[in-house]
Structures are given as C-alpha cells and as structure tokens.
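As structure tokens, the structure follows; a few thoughts come after it.
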Amino acid sequence: MVDAFTYTGLPARVIFGFGTLSRLKAEVERLGAQRALVLSTPPQQPLAEGVSTLLGERSAGVFADAVMHTPVEVTERAIQVVRDLQTDCTIALGGGSTIGLGKAIALRTDCLQIAIPTTYAGSEMTPILGEMKDGVKTTQRTLRVLPETVIYDVDLSLSLPPGLSGTSGINAIAHAVEALYAQDRNPIVSLMAEEGIAALARALPIIAEHPGDRSARADALYGAWLCGVCLGSVGMALHHKLCHTLGGAFDLPHAQTHTVVLPHVTAYNAPYAPKAMARIAKALGAQDAAQGLHELSARVGAQRALKDLGMPREGIERAADLAVTNPYWNPRPIERGAVRDLIARAWAGDPPATETR
Ligand code: NAD
C-alpha cells in the first residue's frame, strides 16, 4: 500500500548528453539573455574562456574567482563585474563552488542562470544556497537561486580526476540515501533516489579504473542529476547535518567528508528505517546498505578516516556536541553517546557498526 504523501515538483529544464555544450548559445537566446558572464574556479578558467568564445557576441566575459563555501566577499566582487559589464545572465561552469557563486549572484541581482555542472555534487538542482561570511556558514532555501536551465555535458565530466569522481559520486549518493528515509519522502523522489544510487554504484568503480569510460561517465552524471533532485526536493537528516558541522568546524573537504561519514550514519539509522535500507542495499547490489557503501568507498579508492582528512582527535567530542545542539528530524533520535561513537569510528576509519533495535 502506498502511504499518504505530499509531492512538490521543482521547476527545471535539463539538457543531458554528450557534446550538449554546443546548445549553450541557443539556450542563452531562448532565455532572452543579451550578455552572459561565464563563471568558473581558477583551474577551470581555460575551459570558461573557451565557452566565452563559443558564445560570441552574447558573452560578457569570464569571472574565474569562484572558491569553496561561496564567500560573500567573492560574490560582491562578482556582482561589481556583473554591473560593470551590464550582464543579465550567468553561466556557472564547474562544480558546487562555481554553481554556488551563480546562485549567490542570482539572489542579489535576479540574473538569469544556466548551470553546466562538471562534478556530481548536485547543487544545480536545489533551491539551496550556502554562503560564508566572517567565518560563519549560513544556508537558505529560496526558488530565486534555482537555475533556469541545466546543461549536463558528459564530455565535460571526463576530466574530473578519478579520486574526486569517486568521492563526488558518493556525495551524490548521500542525497539519495537521506531522501529514502526523509520525513517528507514521497514515491516519486524515492524512485529517483533508488535509480540515482544504482546508476552511480555501477559507474563509479568503472570510472576509478577507467576515467575515460564514456558510458560509465554518462551513468554517473545521470545518477548525479537524480540525486541532486532528491537533495532539492526533500529534507535531509543526520548525515548532511553532521557533514556540514564537520566541514565548517575543521575545514574538511566537502565530498571526501561525505564519503567517510555516509556508511556510519547509514548504520546508525538502519534499525529505524528498514524499508529505506532495503532499497539502498538493492540499488547498491549489496546485502546490507551500510556495508555496501563502505565497500563502494573502498572500490573507488577513497580515504575512509576523518583523521586522514585533517580532523584532530580532540574534535570528536566537539563534533558530537555540535551535532546535538539544534534539534532536527532524523529517523532515529539523535543520541549523543551513539553519535559520538559514530564520529569516533569515522575518525579512525573503522568499518560501520551494525546496529539492531
Ligand atoms: P568544487 O566545485 O569545489 O570543485 C572541486 C575542484 O574540482 C575545483 O578545483 C574545480 O575547479 C575542480 N573541478 C570541477 N570539475 C572538474 C572537472 N570536470 N575536471 C577537472 N577539475 C574539475 O567541488 P564540489 O564538490 O562540486 O562542490 C562543493 C561545494 O558545493 C561545497 O561548498 C558545497 O557546500 C557546495 N554544494 C552545495 C549544494 C547546494 O545545494 N547548495 C549541493 C552540493 C554541494
């Protein structure tokens, strides 16, 4: 029997395939934009310059200073460029850091947005913006930051290094895992979650060995899109809260932190979300959801210990305190002792604990 549910669809136009970058200029014209500013991180500037050339007279130029955590200071500089160049559209070419900058600009200027994701983080599908000001990270949810069009070009994902491909892909899987046990879960998003996990789980081990495998890259980007929709559509729980806390408190890398923590939070929640766990395990092709995620992280060669990402041992107690400060929904109540043990295992790189209710 289908349980009662509420489903809210988010507006989205998605263009997916190989070589879809060639459709960018037509898409800018379709949106009625006159001059688009291409955004990127410094390492992706050469690619951004190429995209600017592709846009011809519709390009206003390139702003290549996007960095992690969307600092407000960078956004303010970018907005000055938007105003100076009389830009009415941004093209965010890159991962979550660059897409975050496009969202922050859209929030303040109502610029049209086209996102061209080159990682699997999924920000392009969410109405969520995280920003950093004076060392404090704040998050807000508003439809004003949702891009008008998202162009997924599988060719652009081929250069994502194998290590980051694995962790970025497991970061995407984390959105789907939490969507399956979300308080506001619904059958449509759950279908997307299961399909997203399955696509990524079959693609990531192949990419780890053969980063140029086009078929696996297409599966991974497709899975990342589905998982991004999950993140944007339903509420996240302990896993996302904990990663946000750990990343902010100890300046840990985003995708890698998600990869280490996910099997442990899955084990923590397992006794309280058996249906979700069965679907996750099935999508992974594993007997057990948490163990399956642990094995997947090994197959992609990811680091498995927070201590190896730079978290100090003393941080375990602090992280446990932070994780229990503001109440939020999770299928299993947030128990400080058990959460502390979970963090300690993730810090040491131990396998996830199997818990029973
Ligand atoms: P990122 O955007 O910081 O990219 C990591 C590095 O990879 C950068 O140096 C980038 O230049 C490089 N890179 C990206 N694509 C590449 C490619 N195809 N080839 C070679 N190099 C490439 O990393 P991310 O994990 O995509 O994003 C993390 C950020 O996004 C965090 O700040 C996180 O909070 C945010 N995020 C936000 C949301 C949301 O919904 N608001 C969702 C997910 C992530």
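Take the stretch 124-135 and flag every residue that is in contact (Cβ under 8 Å) with a residue 12 or more places away in the chain and more than 7 Å from the ligand (Cβ to nearest atom). Give the steps one after another, and end with the answer.
Within the stretch 124-135, the first condition is being in contact (Cβ under 8 Å) with a residue 12 or more places away in the chain, and the residues that meet it are 124-133.
Matches in the stretch 124-135: 124, 125, 127, 131, 132, 133.
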| Check on residue 97, within 14 Å of the ligand (Cβ to nearest atom) and either on the phi > 0 side of the Ramachandran plot or surrounded by 24 or more Cβ atoms within 10 Å (Cβ to Cβ) (or both) | no
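Of all residues in the stretch 124-151, which are part of a helix (DSSP H, G or I) and touching a helix residue (DSSP H, G or I) at 6+ places or on another chain (Cβ under 9 Å)?
As a first pass, look at the stretch 124-151 and keep what is part of a helix (DSSP H, G or I): 124-125, 143-145.
Within the stretch 124-151, 124, 125, 144, 145 qualify.
Looking only at the stretch 218-276, count every residue that is of a type in the set (Lys, Arg) and under 15 Å from the mean Cα position of the chain (by Cα) and tell me the total. If you could, list the steps in order and put the result at the bottom.
Just the residues of the stretch 218-276 that are of a type in the set (Lys, Arg), to begin with: 241, 275.
With under 15 Å from the mean Cα position of the chain (by Cα) added as a condition, the list becomes 241.
Result for the stretch 218-276: 1.
From 306, 342, 293, which residue is over 25 Å from residue 203 (Cβ atoms) and within 20 Å of the chain's Cα centre (by Cα)?
On the way: 342 fails: within 20 Å of the chain's Cα centre (by Cα); 293 fails: over 25 Å from residue 203 (Cβ atoms).
After ruling out the rest, the residue left standing is 306.
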| task | With the condition kept exactly as written, say whether any residue in the stretch 2-17 is in contact with a Ser or Thr (Cβ under 8 Å, 6 or more places away or on another chain), over 26 Å from residue 223 (Cβ atoms) and within 14 Å of the ligand (Cβ to nearest atom). | result | no
| note | Pairing a residue in the stretch 307-324 that is free of Cβ contacts under 8 Å to residues at least 60 places away in the same chain with any residue that is of a type in the set (Phe, Trp, Tyr), where Cβ atoms lie under 9 Å and the two sit 6 or more apart in sequence or on different chains, gives 307/347; 309/250; 313/347; 316/347
| Yes/no for residue 172 being closer than 21 Å to residue 268 by Cβ, in contact with a Leu (Cβ under 9 Å, 6 or more places away or on another chain) and either part of a helix (DSSP H, G or I) or at pLDDT 95 or above (or both) | yes
| message | Looking at 134, 184, can you tell me which residue is over 16 Å from the mean Cα position of the chain (by Cα), more than 22 Å from residue 98 (Cβ to Cβ), modelled with pLDDT under 95 and not hydroxyl-bearing (Ser, Thr, Tyr)? | response | 134
| remark: If we take the stretch 33-123, then helices (runs of 4 or more DSSP H) inside it with 2 or more residues that are touching a residue at least 60 places away in the same chain (Cβ under 8 Å) and acidic (Asp, Glu) are none
| said: Could you check the stretch 330-349 and list, in sequence order, the residues that are in a loop (DSSP other than H, G, I, E, B) and surrounded by 15 or more Cβ atoms within 10 Å (Cβ to Cβ)? | reply: 330, 331, 332, 334
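Okay, residues lined up against (1) aliphatic (A, V, I, L, M); (2) farther than 15 Å from residue 173 by Cβ; (3) at pLDDT 95 or above; (4) in the same structural domain as residue 200 (by TED's automatic domain parsing):
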| position | (1), (2), (3), (4) |
| --- | --- |
| 219 | no, no, yes, yes |
| 227 | no, no, yes, yes |
| 231 | yes, no, yes, yes |
| 235 | no, yes, yes, yes |
| 273 | yes, yes, yes, yes |
| 276 | yes, no, yes, yes |
| 292 | no, no, yes, yes |
| 301 | no, yes, yes, yes |
| 306 | yes, yes, yes, yes |
| task | Those residues that are farther than 12 Å from residue 147 by Cα and buried (at least 24 other Cβ atoms within 10 Å of the Cβ), I need them from the stretch 79-92; list them, please. | result | 87
| query | Assuming residue 89 fulfils every condition listed in (1) more than 10 Å from the ligand (Cβ to nearest atom); (2) in the same structural domain as residue 218 (by TED's automatic domain parsing); (3) under 19 Å from residue 12 (Cβ atoms) apart from one, which condition is it? | reply | (2)
| Restricting the search to the stretch 146-177, which residues are surrounded by fewer than 22 Cβ atoms within 10 Å (Cβ to Cβ) and near the ligand (Cβ under 9 Å from one of its atoms)? | 158, 159, 160, 161, 164
| query | Does the stretch 230-240 include one or more residues that are under 30 Å from residue 89 (Cβ atoms), more than 14 Å from the ligand (Cβ to nearest atom) and in a helix (DSSP H, G or I)? | reply | no
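The values are calculated or read from the model by the stated rules, or taken from the named source; none is laboratory data. No experiment lies behind these values; they were computed from the predicted model shown. Please note: Cβ atoms are built from the backbone with ideal geometry, for glycine as well, and neighbour counts cover all protein chains shown.
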